[in-house]
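Asker: One structure is given below, represented as structure tokens, and several questions about it will come after.
The values are calculated or read from the model by the stated rules, or taken from the named source; none is laboratory data. Quick caveat: nothing in here was measured; it's all calculated off a predicted structure. FYI the Cβ positions are ideal-geometry reconstructions off the backbone, even for glycines, and counts take in every protein chain you see. The protein model used for the area step is the full one, side chains on, heavy atoms only, and it has no ligands, DNA or RNA in it. Shrake-Rupley method; radii C 1.70, N 1.55, O 1.52, S 1.80 Å.
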Amino acid sequence: MTAVQAIENPDQVLQRAKTENLISPRFYTTDYAAMDRLDVSSLRAEWDAMLAEYEGDNNHDHFTRDEDAFRAEVRTLSPELHKEFLDFLVTSITSEFSGCVLYNEIRKKVDNPDIKQLMTYLTRDESRHANFINHSLRDYGLGVDLQALKSSKAYTYFKPKYIFYATYLSEKIGYARYITIYRQLEKHPELRFHPIFRWFERWCNDEFRHGESFALIMRANPHLLQGGNVLWIRFFLLAVYATMFVRDHTRPMLHRAMGLEPDDFDYRVFDITTEISKQVFPVSLDTDAPAFRRGLAALVEARTRFDAGAARGGVVGRLQQAGAALSGAWHFVKLYLHPVKKHALPAQIRVAPVW
Ligand SMILES: [Fe+2]
Ligand SMILES: [Fe+2]
């Protein structure tokens, strides 16, 4: 059964995008002076090659649509699927715009030419992505006022290293999600219930390249990948994987409509992300281990009981929520302590988007 709230008017879209909970996309601020001091000169050749790819902008003509042809492809969906698809669009635009806002703030506040240049390109790409999703929301009369979202959503402060771990992973997992959906619908075009999925292949190459940029920043500053920081890497790997797993299981119809079971989809996405992340992280999560999988299922279960408690309300509902939150925290700690796989970092840093 779907657990997402119905979204019926633009105010509800804004409220949904502003929602702050453990699995909702967040907006971030950081230490801009520390960003300004970043040094990538030890990887000058790789860095310049990457910036040249951004400069070439192979997607400059991609995020446009033939209005009539696009709208003609939009199907009428069952109420449940419609609800989950809107939730998907709103969380996706919030994530895209979160990147846009953060990258643009860094761009404005640093003088370091390497970082400023990179952030200019990242802002350009994420702004295209957010606006493209907004077109689809507007087709339903549900466009998001992005400026209102920017000024009214809560911001979370992250040290630069946390920004690198979290954004690297969200860019790469974003790639893995979009390419998995794209490949599935390439095989089963009859299941493509909305035209936006046709854009995902070139779209996810942007996300892939964004991830490459953070990989180079971290590899140029190897202390970020050693010692006590490895514990932070484990934490962010688990936080990003678990958030996606729980969020996807709140909207199972969306995946089933594409012929994908949420479990299969998520584990395929984890496999791709884990394979890519060996370019930078010396550890990866053992997502095939039965105990690990049971832990993720328990997080979904805790989330479901938490939401049921919220719906019930009153003292009993709040007790149910508290019990579910404790259970969720306990399973998260157990997952964190589950043994990880260790890897040596490869000499060749860049990876190609070949999935
Ligand atoms: Fe994006
Ligand atoms: Fe991105």
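Asker: Please list, in chain and number order, the residues 5+ apart from Phe27 or on another chain whose amide H is under 5 Å from its amide H, with Hs placed from the backbone.
Answerer: The answer is Thr156.
Asker: From largest accessible area down, sort Trp203, Trp330; use a 1.4 Å probe on the protein chains.
Answerer: Trp330, Trp203
Asker: Which links in Lys18/Lys109; Lys278/Lys334; Lys161/Lys341; Lys83/Lys153; Lys278/Lys341; Lys159/Lys341 stretch past 20 Å when you go from one Cα to the other?
Answerer: Values: Lys18/Lys109 25 Å; Lys278/Lys334 23 Å; Lys161/Lys341 22 Å; Lys83/Lys153 23 Å; Lys278/Lys341 10 Å; Lys159/Lys341 26 Å.
Distance filter (> 20 Å) returns Lys18/Lys109; Lys278/Lys334; Lys161/Lys341; Lys83/Lys153; Lys159/Lys341.
Asker: I want the local charge near Glu20. Using Cβ-Cβ distances under 12 Å, sum +1 for each Lys or Arg and -1 for each Asp or Glu among the other residues.
Answerer: After counting each charged neighbour, the total is +4.
Asker: In addition: Rounded, prolate or oblate: which one fits region 1-117, using the alpha carbon gyration tensor with axes a ≥ b ≥ c (rounded when a/c is under 1.5, else prolate when a/b beats b/c, else oblate)?
Answerer: Note, shape of region 1-117 comes out oblate.
Asker: Next up: Can you work out ³J(HN,Hα) from phi for every residue in region 33-46, in order, using Karplus 6.51 cos²θ - 1.76 cosθ + 1.60 and θ = phi - 60°, giving whole Hz and x for Gly and Pro?
Answerer: 5, 5, 4, 5, 8, 4, 10, 10, 5, 5, 10, 3, 5, 5
Asker: Additional query: Ordered by packing density, taken as the mean number of other Cβ atoms within 10 Å over each peptide's residues, highest first, how do 296-305, 185-194, 166-175, 55-64 rank?
Answerer: The peptides rank, most packed first, as 166-175, 296-305, 185-194, 55-64.
Asker: Another question about this same structure. Given R₀ = 30 Å, FRET efficiency for Lys108-Gln226 by Cβ-Cβ distance, to 0.05?
Answerer: That gives a FRET efficiency of 0.45.
Asker: At a probe radius of 1.4 Å, what is the per-residue accessible area of Ser127, in Å² to the nearest 10?
Answerer: In the full protein context, Ser127 sits at about 40 Å².
Asker: Taking only protein heavy atoms into account and a 1.4 Å probe, give the accessible area per residue of the chain in Å². Intermediate values should be presented prior to the final figure.
Answerer: Details: 15390 Å² over 355 residues.
Accessible area per residue, the chain: 43 Å².
Asker: Same structure again: About the Cα centre of the chain, what is the dipole size in debye to 20, counting +1 per Lys and Arg Cβ and -1 per Asp and Glu Cβ, all else neutral? If you can, show how the numbers build up before the last one.
Answerer: Details: 45 positive and 45 negative charges, 232 e Å.
Approximately 1120 debye in magnitude.
Asker: In addition: To the nearest 20 Debye, how big is the dipole of region 94-163 about its Cα centre, given +1 on the beta carbon of each Lys and Arg and -1 on that of each Asp and Glu?
Answerer: So the dipole magnitude of region 94-163 works out to roughly 240 debye.
Asker: Within the accessible area of the chain, what % is carbon and sulfur when the probe is 1.4 Å and the other protein chains stay in place?
Answerer: Answer for the chain: carbon and sulfur cover 56 percent of the accessible area.
Asker: Below 14 angstrom from the Cβ of Phe236, what's the summed charge of the other residues (Lys, Arg +1; Asp, Glu -1)?
Answerer: +4
Asker: Calculate one ³J(HN,Hα) per residue across region 126-131 by plugging θ = phi - 60° into the Karplus curve 6.51 cos²θ - 1.76 cosθ + 1.60, and present them in order as whole Hz with x for glycine and proline.
Answerer: 5, 5, 4, 5, 4, 5
Asker: Obtain the nm distance between the two label points defined at Asp264 and Trp330 by a simple spin-label model: each point lies 7 Å from its Cα along the Cα-to-C-beta direction.
Answerer: For the pair Asp264/Trp330, the computed spacing is 3.3 nm.
Asker: In Å, the Kirkwood hydrodynamic radius of the chain over pairs of distinct alpha carbons?
Answerer: On the way: mean 1/r = 0.0473 Å⁻¹.
With all distinct Cα pairs of the chain included, I get 21.2 Å.
Asker: Just want the answer: with Cβ charges of +1 for Lys and Arg and -1 for Asp and Glu, which residue in Leu296, Ala311, Thr273 is farthest toward the dipole's positive end in region 224-344?
Answerer: The residue sitting farthest along the positive end of the dipole is Ala311.
Asker: OK, next. I need the trypsin sites (Lys or Arg not before Pro) found in region 15-79, filtered to DSSP loop residues with at most 14 other beta carbons within 10 Å of theirs.
Answerer: Sparse-neighbourhood loop trypsin sites (Lys or Arg not before Pro): Arg37, Arg75.
Asker: Roughly speaking, what is the centre-to-centre gap between region 253-279 and region 105-161 when only Cα atoms are used, to the nearest Å?
Answerer: When both Cα centres are located, 26 Å separates them.
Asker: Can you tally the net charge around Glu67? Count Lys and Arg as +1, Asp and Glu as -1, for every other residue whose Cβ sits under 15 Å from the Cβ of Glu67.
Answerer: Values: positive: Arg65, Arg71, Arg138, Arg198; negative: Asp66, Asp68, Glu73, Asp139.
Local charge sum for Glu67: 0.
Asker: Kindly report, to the nearest 10 Å², the accessible surface of Lys278 as traced by a 1.4 Å probe over protein heavy atoms only.
Answerer: Here the residue's solvent-accessible area equals roughly 60 Å².
Asker: Provide the gained length on full extension for the span Glu8 to Ala45, in nm with one decimal, where the gain is 0.36 nm per separating residue minus the Cα-Cα distance.
Answerer: This chain segment gains 8.3 nm when fully extended.
Asker: How large is Rg over Rh for region 177-328, taking Rg from the Cα atoms and Rh as the Kirkwood inverse mean of 1/r across Cα pairs?
Answerer: Looking at region 177-328, the ratio lands at 1.03.
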